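Data block below; observations after.
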Amino acid sequence: MSDDDHALELHDSTATEKHRNLEKSLGISIALNAIIFIVELVGGILTNSLALISDSLHNLSDFFALILSFIASKVVRWKSNSEKSYGYVRVEIFVAFINSMALVLIGIYIIYEGIQRFAHPEPVAGGWMLIIAVVGFVVNTTATLLLKSHAHHDLNMKSAYLHLLTDAVESLAVVVVAGLIVWKDWRLLDPLVSIAIGLFIIKSAWSIVAETVHILTEGTPRGIDLHEVAAYIQSFPGVENVHHLHIWGLSSRMRALSAHVVVRDQLISTSDNIRSQLEKELGNRFGINHPTLQLESCVCEDQGVVVDIHPSQHKS
């Protein structure tokens, strides 16, 4: 076995192990969310606390969100086929979109209920509310920490992590409110914190909604400047012109590029060397891991220029 083959096998083994750890963390988080949903819902009804009921509904949305994330984590590993040549990598984007939109809708509902309760305050059993809120905070914090390490490189996991993080923050807020109700009998804080929870949910989810829509509409990936990439390709040794340049994201980790690149009329082997070096540098500099470059010896009539680089300006 060559060194390259050994390195590839080691990389695949490491990736598989990371994926197993991710699925294990997701499984535990799903179980914890199911438990805390039941505890907070029953506790909210018995104590007449809208804040607890709101938090339980958010946990219910997290329960389904995490199940969708768990399914997505398996589906994205399905191999590509003749009908899905890119495989199923975009499933994570759809799941993240559904999860985040569910959060927005739940946030709107919680705000509505909070306004209704604020207009007509009701008594709350603060002592039991405090006990249940503390249990909810501990469980939600544990579930959040389980997914923290997986949230940096996967939009699907980031969405699930944000679900759990908002739950933990909300549970802490409910703990504080329950304490103040027990201590000062400030019952209006119960609907007030519910409204705050609703606003926080919407705010935290909207950024994921915007990012997923940006990817689904084939937008240029965040952090990449199309003009900068075009200028780099244009300045690359052996390249005379670039046009029909497009950059988009297939998923949160897969960035694609296609472009027509004009080079001098020369041996195919020489042109191919320019192409391979350019693709390597595009990956190193811009994180573009799926480039498709069409080499040409002259500029085609339909230039498709979307950047300020003119075909008449060839390098000397």
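Please go through segment 39-78 and write out the chymotrypsin sites (Phe, Trp or Tyr not before Pro) that DSSP classes as loop and that have at most 13 other C-beta atoms within 10 Å.
Sparse-neighbourhood loop chymotrypsin sites (Phe, Trp or Tyr not before Pro): Trp78.
Write out the trypsin sites (Lys or Arg not before Pro) in segment 257-286 meeting two conditions: DSSP loop, and at most 14 other Cβ atoms within 10 Å of their Cβ.
Arg264
Can you give the FRET efficiency for Thr217 and Ile38, using 1/(1 + (r/R0)^6), R0 = 45 Å, r = Cβ-Cβ distance, to the nearest 0.05?
0.70
For segment 3-216, with only Lys/Arg (+1) and Asp/Glu (-1) charged at the beta-carbon, what is the dipole magnitude about the Cα centre, in debye rounded to 20?
Value, rounded to 20: 340 debye.
Positive end of the dipole of segment 21-137, charges at C-beta (+1 Lys, Arg; -1 Asp, Glu), about the Cα centre: which of Ser61, Leu41, Phe137 has its Cα farthest in that direction?
In segment 21-137, that residue is Ser61.
Jot down the per residue volume, in cubic angstrom and as a whole number, of the convex hull over the alpha-carbon atoms of segment 171-268.
Cα-based convex hull of segment 171-268, divided per residue, equals 129 Å³.
May I ask you to compute the full-extension gain from Leu145 to Ser207, defined as 0.36 nm times their residue separation minus their alpha-carbon distance, rounded to one decimal in nm?
Residue separation times 0.36 nm, minus the Cα-Cα distance, leaves 20.2 nm.
Can you sort Arg20, Arg117 by how many other beta carbons sit within 10 Å, fewest first?
So the residues, fewest neighbours to most, are Arg20, Arg117.
With a length cut of 20 Å (Cα positions projected on each helix's long axis) and a Kyte-Doolittle mean of at least 0.0, go through the chain and give me the DSSP H helices that pass.
3-47, 50-75, 91-119, 126-148, 155-184, 189-216
Would you order Leu165, Leu188 from fewest to most other beta-carbon atoms within 10 Å of each residue's own beta-carbon?
By the 10 Å Cβ count, ascending, the order reads Leu188, Leu165.
How are the Cα pair distances of the chain distributed, in percent, across 20 Å bins from 0?
That works out to 28, 41, 24, 8, 0, in percent per bin.
Where a number appears in this text, it was derived from the coordinates with a stated rule and is not lab data. Since this is a predicted model, take the numbers as computed values, not measurements. All Cβ positions, even for glycine, are placed from backbone atoms using ideal geometry, and neighbour counts span all protein chains on display.
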